[in-house]
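Notes for the one structure printed next.
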Amino acid sequence: MKKYDVCVIKGDGIGPEIIEEAIKVLDAVSHKFNFELNFDYRLMGGAAIDIMGVPLPDETLNAAKSSDAVLFGAIGGAKWDGLPRELRPESGLLKIRKELGAFANLRPAIIFDELINASTLKPEIIKGVDIMVVRELTGGIYFGQPRVKNEKDALNTMCYNVSEIERVAKVAFEAALLRNKKITLVDKANVLETSQLWREVVSELAGNYEGINLEFMYVDNAAMQLVRAPAQFDVILTENLFGDILSDEASMICGSIGLLPSASIGGKVGIYEPIHGSAPDIAGQGIANPIATILSAAMMLKYAFGENEAAEAIELAVRGVLRDGYRTKDIAQYDAKEICSTVEIGSIIADYAAKA
Ligand code: NAD
């Protein structure tokens, strides 16, 4: 039997509640599809600060490095906001991503038919949207040197080399192979030399991936097309700054923050986490939506372990549960037949996944 070691970081706020439900669903599919998951629970964020004085203890980082994947809830809260930047919960998350070499951020933006009215866009525009944004995460203008700020001027540097582009583009091509085989490279090649290099490198790489349809789009047009006709996209590949903005735009047109998963991958070990934060305003009330975390667990099964059938069983279960009208409070206004607590909807999804 195949065995996988998962480093589980619950974090703060609703983190422990949503992770519990993801574990429940993972247990259900691991039994059904005959693999074993070992969960190693570790501290990060405010929970780690309270007990160990730092947001990312060495033992958590070492456990993450020696695991097969990290499943992460969320961190942060007002209690720790006054601390110096390097001691705040977010520093732990930035550090673990960097230490694990997570250079590619994958963010699916999916519209569930049952929740089509949750989008700010008209149903006929949003219907069928299923986009995967692949954002370069550790290069570009956020990291380029020199970076300077004086009283009268400031400088940031956008810099990419061939290998940085190649490695994230390969992730996008592999993702497209598992999907509808279309990649849109979003750039600003009419103005920026870095974008011209991206086009050259990605075009050359496309020769290795038969059957993939590669197209190019300027970032200003892409921002417009995402709200005009989002269903035209399959995989969007882009650099760090453009991806930061477009991935938020793509997820938000889908309506609810409690539904969308993400993966930060590239190094030996990837991090799988919901796109939302620790939601301190609803923590401990049993009303958090665990679906984003459950779908992040499905991404872990697919991208880290290649357990595609189990991942699909989870995705089908989530769709089935939404189709049958089960809703947490955040999405209760959209065709609900039964309003569920976090624990209830997690159990129902686990049941559906076991039968999928
Ligand atoms: P947030 O995403 O935590 O919450 C925004 C709103 O969405 C809140 O009203 C919240 O109740 C709601 N919400 C979020 N997730 C939900 C879910 N699963 N089910 C139902 N409702 C949900 O963002 P915020 O309020 O700006 O930040 C709160 C804390 O989270 C801050 O400390 C912030 O730094 C931290 N944060 C952490 C991460 C992370 O761990 N990756 C990401 C973003 C923010």
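The values are calculated or read from the model by the stated rules, or taken from the named source; none is laboratory data. Remember, predicted model here, so these are calculated numbers, not experimental data. So basically every Cβ, Gly included, is an ideal-geometry build from the backbone, and we count neighbours across all protein chains shown. Quick note on the areas: whole protein, heavy atoms, side chains included, nothing else; ligands and nucleic acids left out. Shrake-Rupley method; radii C 1.70, N 1.55, O 1.52, S 1.80 Å.
Could you give the size of the charge dipole of the chain about its Cα centre, using +1 on the Cβ of each K and R and -1 on the Cβ of each D and E, expressed in debye and rounded to the nearest 20? That gives a dipole near 140 debye.
Annotation: amide H of Leu214 within the under-5 Å range of Ile183, sequence separation 5 or more or interchain, hydrogens built in the peptide plane.
Modelled spin-label separation between Asp281 and Glu59, with each label point placed 7 Å from Cα along the Cα-to-Cβ direction: 3.6 nm.
Find how much the distance from Asn208 to Cys159 grows on full extension, using 0.36 nm per residue of separation minus their present alpha carbon separation; answer in nm with one decimal. Walk me through the numbers before you get to the answer.
Working: separation 49, 0.36 × 49 = 17.64 nm, distance 2.53 nm.
Separation in residues times 0.36 nm, less the Cα-Cα distance, equals 15.1 nm.
Our estimate of slack between Glu166 and Val191, defined as 0.36 nm per intervening residue step minus the Cα-Cα distance, is 6.9 nm. Among beta bridges identified by DSSP and lying wholly in the chain, the antiparallel ones come to about 35 percent.
Nearest 5 percent is fine: what portion of the DSSP beta bridges confined to the range 96-240 is antiparallel?
Working: 10 of 24 bridges.
Of all bridge pairs located within the range 96-240, approximately 40 percent are antiparallel.
List the relative contact order of the range 59-177 as a percent without decimals, with contacts defined as Cα pairs under 8 Å and 6+ residues apart. Result for the range 59-177 is 18 percent.
At q = 0.16 Å⁻¹ the log10 of I(q)/I(0) for the range 74-150 amounts to -0.89, computed by Debye summation with a single uniform scatterer per C-alpha, solvent ignored.
For the peptides 221-227, 235-241, the ranking by mean Cβ contacts within 10 Å, running from highest to lowest, is 235-241, 221-227.
What shape does the range 1-149 take by its C-alpha gyration tensor, where a ≥ b ≥ c are the square roots of the eigenvalues and a/c under 1.5 counts as rounded, a/b above b/c as prolate, and the rest as oblate? Since a/c reaches 1.5 but b/c is at least a/b, the shape of the range 1-149 is classed as oblate. Solvent-accessible area per residue in the range 38-196 equals 49 Å², computed with a 1.4 angstrom probe and all protein chains kept. Classify the range 225-299 as rounded, prolate or oblate from the Cα gyration tensor: take a ≥ b ≥ c as the square roots of its eigenvalues, call it rounded if a/c is under 1.5, otherwise prolate when a/b beats b/c and oblate if not. Note, shape of the range 225-299 comes out oblate. Taking the accessible area of the chain, probe 1.4 Å, and keeping the other protein chains in place, the carbon and sulfur fraction comes to 51%.
Model label points for Lys149 and Asn308, set 7 angstrom from Cα along the Cα-to-Cβ axis, are 4.7 nm apart. Using Cβ point charges alone (K and R +1, D and E -1), the dipole size of the range 200-356 about the Cα centre works out to roughly 540 debye. Considering only alpha-carbon pairs that sit under 8 angstrom and 6 or more positions apart, the relative contact order computed for the chain is 23 percent. Between Lys3 and Ala231, the FRET efficiency from the beta-carbon distance, with R0 = 45 Å, is close to 0.65. Taking a ≥ b ≥ c as the square roots of the eigenvalues of the Cα gyration tensor, the range 146-281 is classed as rounded, since a/c falls below 1.5.
Springs between Cα atoms under 10 Å define the GNM used for the chain, and in it the highest mean-square fluctuation of Glu20, Glu210, Glu114 occurs at Glu210. Highest GNM mean-square fluctuation among Pro280, Pro261, Pro146, for the chain modelled with Cα contacts below 10 Å: Pro146. So if R0 is 25 Å, what FRET efficiency would Lys181 and Arg323 give, r being the distance between their Cβ atoms, rounded to the nearest 0.05? Rounded to the nearest 0.05, the efficiency is 0.40.
Centroid-to-centroid, using Cα positions, the range 71-146 and the range 229-262 are 10 Å apart. Would you kindly state how much longer the chain becomes between Arg85 and Lys32 on full extension, computed as 0.36 nm times their sequence separation minus their alpha carbon distance, in nm to one decimal? Using 0.36 nm per residue and subtracting the Cα-Cα distance, I get 14.6 nm.
A dipole drawn for the range 133-242 from +1 and -1 charges on Cβ atoms has a positive end, and of Met224, Ala175, Leu237 the residue lying farthest that way is Met224. Once the other residues with Cβ under 11 Å from the Cβ of Asp40 are scored (Lys, Arg +1; Asp, Glu -1), what is the net sum? Every neighbour counted, the sum reads -2. Candidates Ser67, Pro84, Ile131 compared by Cα position along the dipole of the range 66-184: farthest toward the positive end lies Pro84, with charges placed on Cβ.
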